[in-house]
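These notes concern the structure reproduced below.
The values are calculated or read from the model by the stated rules, or taken from the named source; none is laboratory data. The structure displayed is predicted, hence computed values, not measured ones. Every residue, glycine as well, gets a Cβ built from its backbone with ideal geometry; the counts of neighbours run over all protein chains shown. Please note that ligands, DNA and RNA were not included when accessible areas were found on the heavy atoms of the full protein model with its side chains. Shrake-Rupley method; radii C 1.70, N 1.55, O 1.52, S 1.80 Å.
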Amino acid sequence: MCMGGVTALNAQVEVRTEAQVTASDGDHTPLWLNANKYGLSSLETTNGYVRAGVFRPLQNDSAKRWAWGAGADVAVAANFTSMLVVQQAYGELRWLKGLLTVGSKEQPMELRNQELSSGPQTLGINARPVPSVRLSLPDYWDVPGTKGWLALKGHMAYGLQTDDRWQKDFTDKQSRYTEHTRLHTKAGYLRIGQEGRPLTVELGIEMGCQFGGTSYVYIGGTFYKDPDEPYELTKFENDNSLKAYWHAFVPGGHESKESDIVYKNEEGNHLGSYVLRVNYDQPTWGVSVYADHYYEDQSGMFFVDYDGYGSGDDWDVKKDSHYFLYDLRDIMLGTELRLKQCHWLNNVVVEYLYSKYQSGPINHDHTKSISDHISGMDNFYNHDMFTGWQHWGQVMGNPLYRSPLYNDNGYIMVKDNRMWAWHVGLSGDPVSNLHYRLLCSWQRGWGTYQIPFMDPQRNVSMLAEVNYRFADDSRLKGWSLRGALGYDHGGLLGDNVGLQVTVGKRMEMKDER
């Protein structure tokens, strides 16, 4: 959580306070003044908020088998998607290493540098938290009998998106929107190598699914509606039964708009990533390399799809042992260098993201008249029944995919998901109490397969940020001041420059009893 002030009351409760103001020149707030802030941000050129939170950390009971925690975090904002933002409100209960969390809580990204990475492609920190019931192993648990050489962690959660009102306002009910969308996420990670050893390998899978609720969809034979045609949205009541929750966990069923004469896709908006990280640590330095392969369906998940159906009345019957193979092209590759004894530069992150393939330019689920089954044009972060992998207009994955909040035509969709991008992040602590970070991203976008750009669009986004915490022996003990300068240039996000100032307060009070 990125908040400026912390007050410890009797070592039991933390009170955190923060005030932020952003002013920009251009069309929007620059990307890195807005992105990866758990959705507590705005694209409006002038915006700000005051924020206060009260928390009881689990660490209070760190020595006990049982522990409990809770938090409430509220912001009053100007020129945001809502004036009053309940950013976090949760309670949690831990027994040994297992943790149950109920409510909205900001969860950190996994296997990435929280401060310097552009973000995971599936479970990112770019959108507001979704109120959920979440069961997790937040820290690695050693598999019995492996002497610490194998360890597991992960989570499973079910929640309810809270952006119904925003969707109606943004679309004016003139393009696809949803109500009461359920969200399911799960992830599992395996660490190979003992903790503290120089070499460890972490691999896992992150998965998400939007399902249930009500979808209002334009049915006109094309994925996107011609704006000159009359607006007529069809209402579909998606399955909200226990079976739908099971199909979100294990893909199955079919969409509510599909009939018996078409090929049935799994119920809900399923997606995910395979993730891998290799770490090598020495006393004075360390380096990690990592990968994130994102997928939208079976073609991207397994790189193979069945293509041996019959014809005529047997059009949907599996007849032959015939499969269609897909390439592994869409991937994020990254490296992180840690300089443990170099104060002026202690972390360097470099990432490359490629998403142009999406299982190829052909999209065809077989029909009674065409038996070939080739599933491409995966359309990352978009979906024909749901409003895509977004919450309150911000993508829930990597913000280099342009969020729907940028759209000025009332469509909730990611307009640029076919791209390549380079991202670099640097951080350091050159003097006592002063921390800085620098971010720079270059990308080139082709739009989507369905609506490509006439010419590829380029963009560069930069951030320079310094954060100063006043020393404990000064008269300004507990105060912090953060200043950031952001910049965009190019056709994807426009030309924007902005300044962001954040002031926080920190006080510590000891329990004298």
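Annotations
- Residue list for segment 166-181, restricted to those being open to solvent by 50 Å² or more (accessible area, probe 1.4 Å) and in contact (Cβ under 8 Å) with a residue 24 or more places away in the chain: Asp172, Lys173, Gln174, His180
- Every test in (1) surrounded by 16 or more Cβ atoms within 10 Å (Cβ to Cβ); (2) out of contact with any strand residue (DSSP E or B) (no Cβ under 7 Å at 6 or more places or on another chain); (3) part of a strand (DSSP E or B) is passed by Asn417 save one, and that test is (3).
- Answer residue from segment 329-346, given it is surrounded by fewer than 19 Cβ atoms within 10 Å (Cβ to Cβ) and under 20 Å from Trp422 (Cβ atoms) and is modelled with the lowest pLDDT among those: Arg329
- Considering each residue of segment 485-499 in turn, at least one proves to be more than 30 Å from Gly388 (Cα to Cα) and surrounded by fewer than 17 Cβ atoms within 10 Å (Cβ to Cβ).
- Hey, Pro144 under 19 Å from the mean Cα position of the chain (by Cα) and in a loop (DSSP other than H, G, I, E, B) or not: no
- Of everything listed in (1) more than 16 Å from His391 (Cβ to Cβ); (2) open to solvent by 30 Å² or more (accessible area, probe 1.4 Å), the single unmet condition for Gly53 is (2).
- Hits in segment 147-169 - residues which are hydrophobic (A, V, I, L, M, F, W, C) and part of a loop (DSSP other than H, G, I, E, B): Trp149
- Restricting the first member to segment 453-477 and to residues that are open to solvent by 60 Å² or more (accessible area, probe 1.4 Å), and the second to residues that are of a type in the set (Ser, Thr, Tyr), the beta-carbon pairs closer than 8 Å and six or more apart or on different chains are Met462/Ser441; Met462/Tyr487; Val466/Tyr436; Tyr468/Ser480; Arg469/Ser480; Phe470/Ser480.
- If you go through segment 90-112 and keep only what is free of Cβ contacts under 8 Å to residues at least 24 places away in the same chain and part of a strand (DSSP E or B), you end up with Tyr90, Gly91.
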